[in-house]
Amino acid sequence: MHIALENIRKLQHNGQPEQALQQAQELLRQQPQHADLHYLAASLHDGRGEEAAAIPHYLQALELGLSGHDAASAWLGLGSSYRALGQYREAEQALLEGLHHFPEDKALQTFLAMVQYNLGKSKPAVASLLKLLAQTSGDEDIRRYEQAIRFYAQDLDKTWIP
């Protein structure tokens, strides 16, 4: 199975997503309980803009015990797919579940902020993005104002009191 998965990934990376998806679907018919294969099929569907087709594969991959970096990516893909379809509550739930398992994942945090915006939760979305900016920016100007950015991220309605 490992060789077959690698062949599918090669097709995907070599710009042959149709062939990769066809092979993934054939293998899934033979081995429907393979988490990595479901994740790969989800990614292939997602890459083609077929979010509705990707969602069941993301769910199945996670249910079957996908782990590590691929699991974090599957939670993100699931949330992003729901978001792309306008299913914001489902997107938020998926991203929150992903963050439960991977609390330090910056991409999950970023996508959650986008969904929060879509749900009209602008204050927590902006606060989250400010925290991410303060944590990850190498920009000198941002670093110089990191303390203030972190302060305001806690409550955007506060005024500066040193």
Return the total of residues in region 76-109 being open to solvent by 40 Å² or more (accessible area, probe 1.4 Å), assigned to a helix (DSSP H, G or I) and of a type in the set (Phe, Trp, Tyr). 1
Of the residues in region 110-123, those that are open to solvent by 60 Å² or more (accessible area, probe 1.4 Å) and part of a helix (DSSP H, G or I) come to MET114, TYR117, LYS123
State whether the residues of region 127-136 include one that is within 13 Å of the chain's Cα centre (by Cα) and within 27 Å of ASP70 (Cα to Cα). no
Region 134-162: number of residues that are open to solvent by 70 Å² or more (accessible area, probe 1.4 Å) and either more than 19 Å from GLN109 (Cα to Cα) or among the hydrophobic types (A, V, I, L, M, F, W, C) (or both): 13
Would you check which residues across region 33-62 are touching a residue at least 24 places away in the same chain (Cβ under 8 Å) and outside any helix (DSSP H, G or I) and list them? GLN33, HIS34, ARG48
Within region 73-88, residues among the hydroxyl-bearing types (Ser, Thr, Tyr) and closer than 19 Å to HIS38 by Cβ come out as SER73, SER80, SER81, TYR82
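The values are calculated or read from the model by the stated rules, or taken from the named source; none is laboratory data. Source: prediction; values computed, not measured. Ideal geometry is used to build each Cβ from the backbone, glycine not excepted, and the neighbour counts take in all protein chains shown. To get the accessible areas, we keep the full protein, side chains included, count just its heavy atoms, and leave off ligands, DNA and RNA. Shrake-Rupley method; radii C 1.70, N 1.55, O 1.52, S 1.80 Å.
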